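Data block below; observations after.
The values are calculated or read from the model by the stated rules, or taken from the named source; none is laboratory data. In this text the structure is predicted, and so the values were computed from the model without any measurement. Quick reminder, even Gly has a Cβ in these numbers, built from the backbone with ideal geometry, and neighbours come from all protein chains shown.
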Amino acid sequence: MVEENNTLEKLETILKRLLSNNRDITVAVITSMEGLPILSILPRGYNETRISAMVATLLSISERTVIDMEIGEFQQIYIKGLDGYLLVFDAEPAVLAVSTRVKVKLGLVYFECERVSQEISKILKERNKD
């Protein structure tokens, strides 16, 4: 239980740093590949369980599509909406999803999210070793 809390504290620190480094990121979610929420920073009124399930579904479909189209391994999803973007990154054994405002410097967000997804992956893999 203590190790689980330590893992969640590390992940929370990472997500908070991600949001503080880029004010245009409005939502950050870490979910399992199966769609179970691990940790999220969401505005009031958002349903963490529902968002986690949708993100995992997007990931599953995207991974399958990448395989079927023979374009390598899945890396990320980019969805543009009228008011912003949804970006989903592989953080095996989990998934990182962020939502941004429309006027965002996507290059910076991609760079930060790639780095953060690698950190998340490392933390979760270390936890699973024990």
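Structural remarks
- Filtered by the rule that a residue be of a type in the set (Val, Ile, Thr) and in a helix (DSSP H, G or I), region 1-58 gives VAL2, THR7, THR13, ILE14, THR49, ILE51, VAL55, THR57.
- Residues satisfying the stated conditions in region 1-40, i.e. more than 11 Å from the chain's Cα centre (by Cα), β-branched (Val, Ile, Thr) and surrounded by 15 or more Cβ atoms within 10 Å (Cβ to Cβ): THR7, ILE14, ILE25, THR26
- Within region 88-130, the residues that satisfy the criterion of being of a type outside the set (Val, Ile, Thr) and buried (at least 21 other Cβ atoms within 10 Å of the Cβ) are PHE89, ASP90, ALA91, ALA94, LEU96, ALA97, SER99, CYS113, SER117.
- Verdict on ILE61 being among the β-branched types (Val, Ile, Thr) and in contact with a Leu (Cβ under 6 Å, 6 or more places away or on another chain): no
- Checking each residue in region 51-67 for being surrounded by fewer than 15 Cβ atoms within 10 Å (Cβ to Cβ) and of a type in the set (Ser, Thr, Tyr) picks out THR57, THR65.
- In region 59-88, residue modelled with the highest pLDDT [restricted to those that are outside any helix (DSSP H, G or I) and of a type in the set (S, T, N, Q)]: GLN76
- Meets criteria (more than 12 Å from the chain's Cα centre (by Cα) and either at pLDDT 95 or above or under 25 Å from ASN5 (Cα atoms) (or both)) for THR49: yes
Condition check ((1) of a type in the set (Lys, Arg); (2) touching a residue at least 24 places away in the same chain (Cβ under 8 Å)) across all residues:
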site: ARG64; (1), (2): yes, no
site: ASP68; (1), (2): no, no
site: GLY81; (1), (2): no, no
site: VAL104; (1), (2): no, yes
site: LEU108; (1), (2): no, yes
site: VAL116; (1), (2): no, yes
site: GLU119; (1), (2): no, yes
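- Exclusive hit being of a type in the set (Asp, Glu) and surrounded by 12 or more Cβ atoms within 10 Å (Cβ to Cβ), set GLU70, GLU48: GLU48
- A single member of VAL95, VAL116 is within 21 Å of ASN6 (Cα to Cα), hydrophobic (A, V, I, L, M, F, W, C), assigned to a helix (DSSP H, G or I) and in contact with a helix residue (DSSP H, G or I) (Cβ under 8 Å, 6 or more places away or on another chain), and it is VAL116.
- Screening ASP83 on (1) of a type outside the set (Ser, Thr, Tyr); (2) under 15 Å from THR31 (Cβ atoms); (3) exposed (fewer than 12 other Cβ atoms within 10 Å of the Cβ) shows it passes everything except condition (2).
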